[in-house]
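Q: Provided herewith is a single structure, encoded as structure tokens, for subsequent inquiry.
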Amino acid sequence: MLGEARALAAIEAAGIPFTVTRHGPVRSLEEAAAARGVRPGDIVKSLVVRRADDDFLFVLVPGDRQFSWPKLRALLGTNRLSMPDAAVAKAVTGYERGTITPFGSTRAWPVVADATVAGRTVSLGGGAHGVALTVNGDDVVRALDAQVADISD
């Protein structure tokens, strides 16, 4: 199943309201926000972080913020975290970088959402380039059973 179809099927199965936006190539956060009709801070990056061999998690952080390695390490109680390369990220999620979403991942890795994701509308990757899912952040947290914490600067 193609990435977009997998993501859409998963978010539909979660039973939460969402809107799909499709747009052409973008070169910046600002261009992506304009194409999606949202503010740059409303775009939420879905990052894949490795804790150990075959142990990954999704980290959701607004596009205008950076996730904090020290905060995430403290939250998870570990000193060893890393970002996998593009090939590994695709292998463990089924999605290419730039299209990654926890919805429809080939494995349901744990999710940590920055505290700023909750309580507002956000735009997530939709499993394919130029595809976005606009959804309520509280619904995302609930549907993914995400741990919510201050993990960004």
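Q: Please work out if Leu81 is closer than 20 Å to Gly125 by Cβ, modelled with pLDDT of 95 or more and surrounded by 13 or more Cβ atoms within 10 Å (Cβ to Cβ).
A: Details: closer than 20 Å to Gly125 by Cβ: no; modelled with pLDDT of 95 or more: yes; surrounded by 13 or more Cβ atoms within 10 Å (Cβ to Cβ): yes.
No.
Q: Out of all the residues in the stretch 121-143, which are touching a Phe, Trp or Tyr at 6+ places or on another chain (Cβ under 7 Å) and outside any loop (DSSP other than H, G, I, E, B)?
A: Answer for the stretch 121-143, where residues must be touching a Phe, Trp or Tyr at 6+ places or on another chain (Cβ under 7 Å) and outside any loop (DSSP other than H, G, I, E, B): Leu133, Thr134, Val135.
Q: Out of everything in the stretch 94-140 that is farther than 21 Å from Gly3 by Cα and among the aliphatic types (A, V, I, L, M), what residue ends up being surrounded by the fewest Cβ atoms within 10 Å (Cβ to Cβ)?
A: Looking at residues that are farther than 21 Å from Gly3 by Cα and among the aliphatic types (A, V, I, L, M), I get Ala115.
Q: If we keep just the residues of the stretch 4-50 that are among the polar types (S, T, N, Q) and surrounded by 15 or more Cβ atoms within 10 Å (Cβ to Cβ), which is nearest to Thr116 (Cα to Cα)?
A: Ser46
Q: Related question: For the stretch 34-89, give me each residue that is of a type in the set (Lys, Arg) and under 14 Å from the mean Cα position of the chain (by Cα).
A: Hits for the stretch 34-89 are Lys45, Arg65.
Q: Okay, moving on. Please work out if Ala74 is within 13 Å of Leu133 (Cα to Cα), at pLDDT 95 or above and surrounded by fewer than 17 Cβ atoms within 10 Å (Cβ to Cβ).
A: Spelling it out, it is not the case that Ala74 is within 13 Å of Leu133 (Cα to Cα), at pLDDT 95 or above and surrounded by fewer than 17 Cβ atoms within 10 Å (Cβ to Cβ).
Q: So which residues in the stretch 102-133 are polar (S, T, N, Q) and in contact with a helix residue (DSSP H, G or I) (Cβ under 7 Å, 6 or more places away or on another chain), if there are any at all?
A: Selection gives Ser105, Thr106, Thr121, Ser123.
Q: Among the residues that make up the stretch 80-97, is at least one of them in contact with a Ser or Thr (Cβ under 6 Å, 6 or more places away or on another chain) and among the acidic types (Asp, Glu)?
A: So in the stretch 80-97, the residues in contact with a Ser or Thr (Cβ under 6 Å, 6 or more places away or on another chain) come out as 93-94.
From what is left, the residues that are among the acidic types (Asp, Glu) are none.
No, the stretch 80-97 contains no residue that is in contact with a Ser or Thr (Cβ under 6 Å, 6 or more places away or on another chain) and among the acidic types (Asp, Glu).
The values are calculated or read from the model by the stated rules, or taken from the named source; none is laboratory data. Given the structure is predicted, the values throughout are model-derived calculations rather than measurements. We place every Cβ from the backbone using ideal geometry, glycine too, and count neighbours over all the protein chains shown.
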